[in-house]
Amino acid sequence: MQASAAATLAGLVFVAASINLPHIVSRPGLPGRVIEALVQFVQVLFVCMVIAIPRQSSTVLGVEVLAVAVLSWGIQIFVFARYHRAHLGHPRRWLQLRVVQTHVATIPFLIAGGCLLFSLRNALYWLVPGFFFPS
């Protein structure tokens with residue numbers, strides 16, 4: 001269910017970005033916001049997809065979840081760094097809020113991946129907050 005919702009929302013973000021592409025490209029900072037939204041929804045989609053693969057060991061699943069989480073986190077940090085270097089004159093609080101939202105959405109996947117990697121019980125429960133907080 002989360003996978004279909006994430007795929008649908010990512011598709012809607014993509015369509016909205018396509019329709020408003022000239023406006024988005026003309027304003028610094030907006031392309032990064034689109035990338036952030038897409039990456040967070042695609043992160044949920046990919047985590048759901050790797051969990052659905054049958055007969056995997058918890059170690060392999062942990063590596064897959066960690067890979068998805070680290071890659072999406074890295075992409076978003078790169079976007080934040082570009083936004084910060086652009087000096088757009090926006091309040092610093094805006095960037096701080098975006099960084100916090102990204103971490104709240106990604107850290108549960110990192111914890112779940114680490115717990116799965118070490119075969120800890122109840123590791124999958126850490127995925128739930130990650131499913132609830134994509135921005």
Per-residue ellipticity at 222 nm attributable to helices in the chain (runs of n ≥ 4 DSSP H, -39500 (n - 2.57) apiece, nearest 500 deg cm²/dmol) works out to -27000 deg cm²/dmol
Under Stokes-Einstein, the chain at 4 °C and 1.567 mPa s, with its Kirkwood radius over C-alpha pairs, diffuses with a coefficient in µm²/s of 83 µm²/s
May I ask you to sort 36, 64 by Cβ crowding, counting other Cβ atoms within 10 Å and putting the fewest first?
64, 36
Determine the sum of side-chain charges near residue 76: Lys and Arg each +1, Asp and Glu each -1, restricted to other residues whose C-beta is under 14 angstrom from that of residue 76.
+2
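Every number in this text was worked out from the coordinates using simple rules, so none of it is lab data. Since the structure is predicted, the reported quantities are computational estimates derived from the model, not experimental observations. Neighbour counts run over all protein chains shown; Cβ positions are idealised from the backbone, glycine included.
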